[in-house]
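K.L.:
Mind having a look at this structure? Questions to follow.
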Amino acid sequence: METFIGIEYNTWWFLLLGAVVTGYAILDGFDMGVGAIHLFLGKKENRKIALNAIGPVWDGNEVWLVITGGVLFAAFPPVYATLFSGLYIPLMLFLVMIIFRAISIEFRGKEEMNWWRQTWDIAFSASSIIMAVALGMVLGNVLQGLPIDETGEYTHSTDFNFINPFSLLTGVTALALFMLHGALYLGMKTEGKLYQQLTKIIKNSTVFFILSALLLSFYTLLYVPHLTDKIKAQEWMFFLPVILVLLMANIPRQVSKQNYGYAFISSTGVISALLVIGAVGLYPTMLHSTIDPEYSLTLFNASASEKSLGYMLTIAMIAVPLVAIYTGFVFWTFRGKVKIDENSY
């Protein structure tokens, strides 16, 4: 097989897919989190500040979702096809809510009436919550596996097979984590009364996340053993859950000191660690078959041709860092606390 620096092209694309998924979860994750806690912020002035905290970056963060879809379609077309046919409802619901969230943000400030702004505040919060839960449920089904037959196609008895205990737990955990992530982001970007109010929201979000994460972990150990087999087989991998626990423990520690920036870095680390643990549990599988593991779609039986992977890898190695540099430039440009002016949302 063709390699680059001793690593197969297929593995490089798996790593690239993992990187862009992680980038999207981190960046748009705090946007979803800000939306999920939006109605808990109280006064309309606080909500306006929250919207302007994500205003310069939320649409740019969605670029990483586009890259994720592009990478999956280009490098692993059978996985793309099976995933969308099997999880069509949650994925389409997620995409519709992305549009609805954008409309809510843009329309809110067009009129001054209280009922108008209240309506779009509710729409913004509801769409963000649904996005987070739908994304978590998609991830849960990918991790748990899908009924894939010997031809690599999704077989289903109903259109709602995606609703199951594991996917629901994953959806709730994703919502809790994004709520915490978004609250910490607001803690970095705000000051005054809202800054003080966020302490309580962060505390409640932390408890919500820890409880949901514990339930998800217990369920995984009991009912989804294939995700933990590799960590059990390789003792040195025990450091992955250890790092995750340490990052989780550091969040309340930094919040108690009002070091929201360090706490936000820790929540970023938690998102990354969770996705890395999931990826390690799956590799080299892309979609696990619950009918027969032999029917699973892997990096090697569900990828594009090696020549295509090689050409596209060269393009990706140039394009993805450029997007990362642009993202970093935007965040640097709009660094610091939020200031409300006549151009604000």
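K.L.:
How many residues are touching a residue at least 60 places away in the same chain (Cβ under 8 Å) and either outside any helix (DSSP H, G or I) or within 20 Å of residue 187 (Cα to Cα) (or both) when one looks only at region 207-257?
P.N.:
Summing the residues that are touching a residue at least 60 places away in the same chain (Cβ under 8 Å) and either outside any helix (DSSP H, G or I) or within 20 Å of residue 187 (Cα to Cα) (or both) in region 207-257 gives 3.
K.L.:
One residue is enough: does region 199-206 have a residue meeting the conditions crowded, with 16+ Cβ neighbours inside 10 Å, in contact (Cβ under 8 Å) with a residue 60 or more places away in the chain, outside any helix (DSSP H, G or I) and hydrophobic (A, V, I, L, M, F, W, C)?
P.N.:
No, because not a single residue in region 199-206 is crowded, with 16+ Cβ neighbours inside 10 Å, in contact (Cβ under 8 Å) with a residue 60 or more places away in the chain, outside any helix (DSSP H, G or I) and hydrophobic (A, V, I, L, M, F, W, C).
K.L.:
Could I ask something else about it? With the condition kept exactly as written, say whether any residue in region 190-198 is among the hydroxyl-bearing types (Ser, Thr, Tyr), surrounded by fewer than 17 Cβ atoms within 10 Å (Cβ to Cβ) and over 21 Å from residue 25 (Cβ atoms).
P.N.:
The answer is no, given that none of the residues of region 190-198 is among the hydroxyl-bearing types (Ser, Thr, Tyr), surrounded by fewer than 17 Cβ atoms within 10 Å (Cβ to Cβ) and over 21 Å from residue 25 (Cβ atoms).
K.L.:
Then there's this: Whether any residue in region 175-186 is assigned to a helix (DSSP H, G or I), open to solvent by 50 Å² or more (accessible area, probe 1.4 Å) and either touching a helix residue (DSSP H, G or I) at 6+ places or on another chain (Cβ under 7 Å) or over 19 Å from residue 131 (Cβ atoms) (or both) is what I want to check.
P.N.:
No: region 175-186 contains no residue that is assigned to a helix (DSSP H, G or I), open to solvent by 50 Å² or more (accessible area, probe 1.4 Å) and either touching a helix residue (DSSP H, G or I) at 6+ places or on another chain (Cβ under 7 Å) or over 19 Å from residue 131 (Cβ atoms) (or both).
K.L.:
Being surrounded by 13 or more Cβ atoms within 10 Å (Cβ to Cβ), out of contact with any Phe, Trp or Tyr (no Cβ under 7 Å at 6 or more places or on another chain) and over 30 Å from residue 216 (Cα atoms) is the requirement here; does residue 329 meet it?
P.N.:
no
K.L.:
Here is a list of conditions, (1) of a type in the set (Val, Ile, Thr); (2) buried (at least 21 other Cβ atoms within 10 Å of the Cβ); (3) not in a helix (DSSP H, G or I), and residue 170 meets all of them except one; can you say which number that is?
P.N.:
Exception for residue 170: condition (3).
K.L.:
Which helices (runs of 4 or more DSSP H) sit wholly inside region 51-112 and have at least 2 residues that are out of contact with any Phe, Trp or Tyr (no Cβ under 8 Å at 6 or more places or on another chain) and within 23 Å of residue 12 (Cα to Cα)?
P.N.:
On the way: elements: 58-61, 63-75, 77-86, 88-108.
The helices (runs of 4 or more DSSP H) meeting that bar are 63-75, 77-86.
This table checks each residue for (1) open to solvent by 70 Å² or more (accessible area, probe 1.4 Å); (2) touching a strand residue (DSSP E or B) at 6+ places or on another chain (Cβ under 9 Å); (3) farther than 30 Å from residue 194 by Cα; (4) modelled with pLDDT under 90.
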{"position": "263", "(1), (2), (3), (4)": "no, no, no, no"}
{"position": "278", "(1), (2), (3), (4)": "no, no, yes, no"}
{"position": "288", "(1), (2), (3), (4)": "no, yes, yes, no"}
{"position": "299", "(1), (2), (3), (4)": "no, yes, yes, no"}
{"position": "302", "(1), (2), (3), (4)": "no, yes, yes, yes"}
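K.L.:
Could you tell me which residue of region 121-139 is farthest from residue 41 (Cα to Cα), considering only residues that are buried (at least 22 other Cβ atoms within 10 Å of the Cβ) and without any contact (Cβ under 8 Å) to a residue 40 or more places away in the chain?
P.N.:
136
K.L.:
What are the residues in region 140-154 that are open to solvent by less than 50 Å² (accessible area, probe 1.4 Å) and in contact (Cβ under 8 Å) with a residue 40 or more places away in the chain, if any?
P.N.:
141, 142, 143, 144, 145, 146, 147, 148, 149, 152, 154
K.L.:
Can we say residue 127 is under 29 Å from residue 219 (Cα atoms), modelled with pLDDT of 95 or more and assigned to a helix (DSSP H, G or I)? So that I can check it myself, show each step before the final result.
P.N.:
Numbers: under 29 Å from residue 219 (Cα atoms): yes; modelled with pLDDT of 95 or more: yes; assigned to a helix (DSSP H, G or I): yes.
It is true that residue 127 is under 29 Å from residue 219 (Cα atoms), modelled with pLDDT of 95 or more and assigned to a helix (DSSP H, G or I).
K.L.:
Here's something else I'd like to know. Condition test on residue 222, is it over 19 Å from the mean Cα position of the chain (by Cα) and crowded, with 20+ Cβ neighbours inside 10 Å? Steps first, please.
P.N.:
Numbers: over 19 Å from the mean Cα position of the chain (by Cα): yes; crowded, with 20+ Cβ neighbours inside 10 Å: no.
Criteria not met by residue 222.
K.L.:
How many residues does region 1-49 hold that are outside any helix (DSSP H, G or I) and surrounded by fewer than 20 Cβ atoms within 10 Å (Cβ to Cβ)? It would help to see each step written out before you state the result.
P.N.:
Narrowing region 1-49 to residues outside any helix (DSSP H, G or I): 1-8, 37, 42-43.
Applying the additional criterion that residues be surrounded by fewer than 20 Cβ atoms within 10 Å (Cβ to Cβ) yields 1-8, 42-43.
Total meeting the criteria: 10.
The values are calculated or read from the model by the stated rules, or taken from the named source; none is laboratory data. Computed from a predicted structure; not experimentally measured. Virtual Cβ from ideal backbone geometry, glycine too; neighbours counted across all protein chains shown. We work out accessible area using only protein heavy atoms, side chains counted, and drop any ligands, DNA or RNA first. Shrake-Rupley method; radii C 1.70, N 1.55, O 1.52, S 1.80 Å.
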